[in-house]
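Below is one structure, written out as structure tokens; the observations come after it.
Quick note: the coordinates plus some simple rules give every number you see, no bench work behind them. The shown structure was predicted, so the numbers you read here are calculated from the model rather than taken from an experiment. All Cβ positions, even for glycine, are placed from backbone atoms using ideal geometry, and neighbour counts span all protein chains on display.
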Amino acid sequence: MPKELNRSELLEIANSTHSKANCPQCGSLSCVGWETVPGSFDLSCLKPIGTLRIEGAPECWEEDHPDGTNLWSENAPISIQFHPYNRSDVYECKECGSKYLRYTEYGGYYIDERIRALDPKLIS
Ligand SMILES: [Zn+2]
């Protein structure tokens, strides 16, 4: 089981990120907001370092958008008690140390792997 992270631990991880400029592994990712992981992207360059899924926490499908953002907004807050952050795991690029959030969207007939860069300024 990956380590369960609280807000301050997540902030610390987010703030420990260095520049991903010119990273050959994850530099192609463009995911300021949530994006579907491109089929061409090699997920094995990311290693899990923790999770925001808290064992035994009540299910919450509500999203947090106090400023009129939506799930896909580049400036949507990262509110860890809310969907989809409460179902996300935290990953780090093995090459450059960039941090990402990932979760899997299970639709009726599809599975969508989604990824978003972890920006400390957006953690609410
Ligand atoms: Zn990288």
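Step by step: first the residues of segment 80-124, then only those that are touching a strand residue (DSSP E or B) at 6+ places or on another chain (Cβ under 6 Å), assigned to a loop (DSSP other than H, G, I, E, B) and not hydrophobic (A, V, I, L, M, F, W, C), then the one that is nearest to the ligand (Cβ to nearest atom). Which residue is that?
Lys94
Each row is one residue, and each column tells you yes or no for (1) crowded, with 18+ Cβ neighbours inside 10 Å; (2) without any contact (Cβ under 8 Å) to a residue 40 or more places away in the chain; (3) more than 14 Å from the chain's Cα centre (by Cα).
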residue	(1), (2), (3)
Leu29	yes, no, no
Trp34	yes, no, no
Ser44	no, yes, yes
Gly56	no, yes, yes
Trp61	no, yes, yes
Leu71	no, yes, no
Val90	yes, no, no
Cys93	yes, no, no
Tyr109	no, yes, yes
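Given the conditions (1) out of contact with any Cys (no Cβ under 7 Å at 6 or more places or on another chain); (2) within 12 Å of the ligand (Cβ to nearest atom), report the number of the one that Gly56 does not fulfil.
All conditions are met except number (2).
Filter segment 65-79 down to the residues that are in a loop (DSSP other than H, G, I, E, B) and hydrophobic (A, V, I, L, M, F, W, C), then identify the one that is farthest from Asn6 (Cα to Cα).
Going through the qualifying residues, I end up with Trp72.
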